[in-house]
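The values are calculated or read from the model by the stated rules, or taken from the named source; none is laboratory data. All values derive from a computational prediction rather than experimental measurement. Every residue, glycine among them, receives a Cβ derived from its backbone with ideal geometry; neighbour counts consider all protein chains shown.
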Amino acid sequence: MMTLKTACQKSAIFNLRSAIALACLLSFVGCTQETASTTAPTDDHGHEHADGEEHDDHGVAGHGHGAGPHDGVVADWGGGKFHVEFIVDHDKQEGTVYIFGADEKTPTPIDATEIEMSITDPVMQVSLKAAPQENDPAGKASRFIGNHEKLGVVQEYAGTISGVIDGTPYSGDFQEEAHGHE
């Protein structure tokens, strides 16, 4: 025969198990309510700007980097640690990507033999081969070049540039802004 003490212990164990199961269920379901950030905003994001020049969040494609050293569109690679600049020569049906450091202007050679570029419209995938610049050390490149017939279309391109630096994958979205085509 079950004593009152044994019945209470079994009931307590059942209630504890039920509470744990409910807590697990709620942690999976979660709550969709947004919470306010308590982190203070900061201007320290890995590179300097000219006097009076500012830009938006690094996570946003085309967030205001301005034209790169080759007058191309600059995109973020790694939260500001690296940057890539995309330019296109429509006559040659050729895309060129330059790799820069945090300052968006210092060539930064990497040990990759190729990087990838995906364009959204017209849809295309382009492998860009290493094309070392004059000051790049042996076995590294800060410039990558690839050809595709669709790059002959005169338009503003948008897409993603991806590659690997020291075993770490990097990816950055870019979007050209309207400009005069030659």
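When you look at Ser162, is it surrounded by fewer than 19 Cβ atoms within 10 Å (Cβ to Cβ), part of a strand (DSSP E or B) and either among the β-branched types (Val, Ile, Thr) or in contact (Cβ under 8 Å) with a residue 24 or more places away in the chain (or both), yes or no? So Ser162 fits the description; yes.
Out of all the residues in segment 107-118, is one or more more than 15 Å from Val164 (Cβ to Cβ) and outside any strand (DSSP E or B)? Scanning segment 107-118 turns up no residue that is more than 15 Å from Val164 (Cβ to Cβ) and outside any strand (DSSP E or B). Remark: pairs (first residue in segment 142-153, farther than 14 Å from Gln125 by Cα; second residue in a loop (DSSP other than H, G, I, E, B) and among the charged types (D, E, K, R); Cβ separation under 7 Å; 6+ apart in sequence or on different chains) = Ser142/Asp136.
Of the residues making up segment 101-118, one or more are of a type in the set (Gly, Ala, Ser), modelled with pLDDT of 95 or more and farther than 13 Å from Trp77 by Cβ. Just so you know, in segment 68-100 the residues that are crowded, with 18+ Cβ neighbours inside 10 Å and part of a loop (DSSP other than H, G, I, E, B) include one that is modelled with the highest pLDDT, and it is Gly72.
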